[in-house]
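Have a look at the structure below before the remarks.
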Amino acid sequence: MSHSSFSMPRRHLLAGTASALAAAGLASWTNGAAAQSTAAKPLPGYAGWKNPKNVIVHSANTIETRRSAFGTSVITPVDQLYVRNNLPPPDASIVENPDDWEITIEGVKNPRTLTVRELKTLGLETVATVLQCSGNGRGFFPSKPSGTPWTVGAAGCVVWSGVPVRKVIEALGGLVDGVPYMTGTGGEKLPDGVDPKSVVVERSVPVAAAQDALLAWELNGQPIPLAHGGPLRLIVPGYQGVNNIKYIKRLAFTPKESEARIMANSYRMAPPGGKGSPQHASVWEIPVKSWINSPSGEGGPVKAGKVQIHGVAFGGARALRSVEVSVDGGKTWKEARLIGPDLGKYAWRQFVFEAQLPAGEYVLASRAVDVEGNVQPEHRIENDRGYNNNSWADHAVRVQVA
């Protein structure tokens, strides 16, 4: 892994603010890719330092990594990492003196407010994780759910450094009784004249997630930039991105889930046409998933002969065990080879499958299996907002070999 994968100049931190397959969504990938290529939007100021050639700007708060940009290294460079904000980011001044940022810790025996400077004295750990928006793969849903039509690029594998949440709990006397949830609150400025609960970014996860969680101040070896939640972000390994609270200003251990709309109603696995509510499963853990990055069909015909089919695979909340590749749309499968360093259970692995492909049309697919035997499914779970899509059929690619 080259050092450049981790490099980001400090100026970045301070920058301004088959038919069955077609039915399963393969056609939506082709159409979506064409649509994306015709409408180039400029990068928003707070993320103006990103590489425009490697991203798709959907809106000021939604930026996707191009499938062709992932490459063959494990770590995703920050200048092409996706961005998803539920609210506009705070003013860029908050990352000028990151050690001064304050966070209030509640639901412990000795609750208090701590600066990042103080957090740095309590412990240190580094973890590589898949960071993924829960809507990644929404663009493959034929029902076209509302929200950004991500294909594969609302995800990356990055390295975080910070203090383990368990060390903070320990330093503050341990948890109080009866707190089954860990609740994080973001530090975005809320619009005036609205009920704070309707807009605040506040999410609750099972308190067991605190065991591996971090309060992180560093991303890929540099202070976390504003676009990715700096100066301090809650990292909950194995959980979808929305649970990894940016600009975190409050971490509470609570008897109930947050009543904020983003927790109570949004990011719920409601049925198509339904409205999310606490009775529906929350978008928490990342499910086992993989996809092929090359050849992807984006760059025109592939030369006949020996082809290196490669992509990424991850177990989400569990370690990855293996990956299989199909060149015939899922009729037959063969095991791929995992390559590169294993950066831990929460990181993704690169895989490669060498195939001899004569001229013709192929549907390439990958299928991952985690250490508990959970297999990446053929079909997506239909839901109103297009969450948690890990369908291998949806993520398959059609390529021409000539």
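No lab work stands behind these numbers, since they all come straight from the coordinates. Everything numeric in this text was worked out from a predicted model, so none of it was measured. Please note: Cβ atoms are built from the backbone with ideal geometry, for glycine as well, and neighbour counts cover all protein chains shown.
Once both labels are positioned 7 Å from their Cα atoms along Cα-to-Cβ, the gap between LEU124 and ALA281 label points is 3.9 nm. Take the Cα of LYS144, step 7 Å toward its Cβ, do the same at GLU298, and the gap between the two points is 2.3 nm. Each Lys and Arg adds +1 at its Cβ and each Asp and Glu adds -1 at its Cβ; summed about the Cα centre, region 289-401 shows a dipole of about 240 debye.
From least to most packed, judged by other beta carbons within 10 angstrom and beginning with the fewest, HIS379, HIS58 follow the order HIS379, HIS58.
May I ask you to compute the full-extension gain from ASP99 to ILE381, defined as 0.36 nm times their residue separation minus their alpha-carbon distance, rounded to one decimal in nm?
Working: separation 282, 0.36 × 282 = 101.52 nm, distance 4.25 nm.
Result for the pair: 97.3 nm of gain on full extension.
Estimated purely from DSSP H runs of n ≥ 4, each contributing -39500 (n - 2.57), the mean residue ellipticity at 222 nm for the chain is -2000 deg cm²/dmol once divided by its residues.
Based on Cα contacts under 8 Å between residues 6+ apart, region 193-236 shows a relative contact order of 36 percent.
Dipole orientation for the chain: of the candidates SER198, LEU131, ALA368, ALA368 has the Cα lying most toward the positive pole (charges on Cβ; Lys, Arg +1; Asp, Glu -1). When both region 382-397 and region 89-133 are represented by their alpha-carbon centers, they are found 34 Å apart.
Kindly rank 99-105, 318-324, 188-194 from highest to lowest mean number of other beta carbons found within 10 Å of each residue.
On the way: 99-105: 17.0, 318-324: 20.4, 188-194: 10.7.
Result, highest mean first: 318-324, 99-105, 188-194.
Taking other C-beta atoms within 10 angstrom as a stand-in for reagent exposure, LEU232, LEU124 fall in the order LEU124, LEU232, fewest first.
Given 0.36 nm per residue, what is the gain on full extension from GLN211 to ALA359 after removing their alpha carbon distance, in nm?
Details: separation 148, 0.36 × 148 = 53.28 nm, distance 5.14 nm.
Extra length from GLN211 to ALA359 when fully extended: 48.1 nm.
The alpha carbon gyration tensor of region 289-401 gives principal lengths a ≥ b ≥ c with a/c of 1.5 or higher and a/b no greater than b/c, which makes the shape oblate.
Placing +1 on the Cβ of every Lys and Arg and -1 on the Cβ of every Asp and Glu, with nothing else charged, gives the chain a dipole about its Cα centre of roughly 500 debye. Residues of region 60-91 with an amide N closer than 18 Å to a point placed 7 Å from the Cα of ASN265 along the Cα-to-Cβ direction: 86-87. The stretch between LYS331 and ASP91, if pulled fully straight at 0.36 nm per residue, gains 81.2 nm over its current Cα-Cα span. Over all distinct Cα-Cα pairs of region 83-170, the Kirkwood formula returns a hydrodynamic radius of 16.2 Å. Taking a straight line from the alpha carbon of LYS144, these lysines sit under 19 Å away, with near neighbours fewer than eight places off in the same chain left out: LYS275. Using R0 = 25 Å, the C-beta based FRET efficiency linking ILE339 and LYS53 works out to 0.50. Between region 197-231 and region 298-344, what is the separation of their alpha carbon centroids in Å? So the two Cα centres are separated by 30 Å. Partners of LYS345 within straight-line reach, counting lysines whose Cα lies under 30 Å from its Cα and excluding those fewer than 8 residues away in the same chain: LYS50, LYS120, LYS167, LYS246, LYS249, LYS256, LYS289, LYS331, LYS334. If you take the Cα centroid of region 246-276 and the Cα centroid of region 47-73, the two points sit 27 Å apart.
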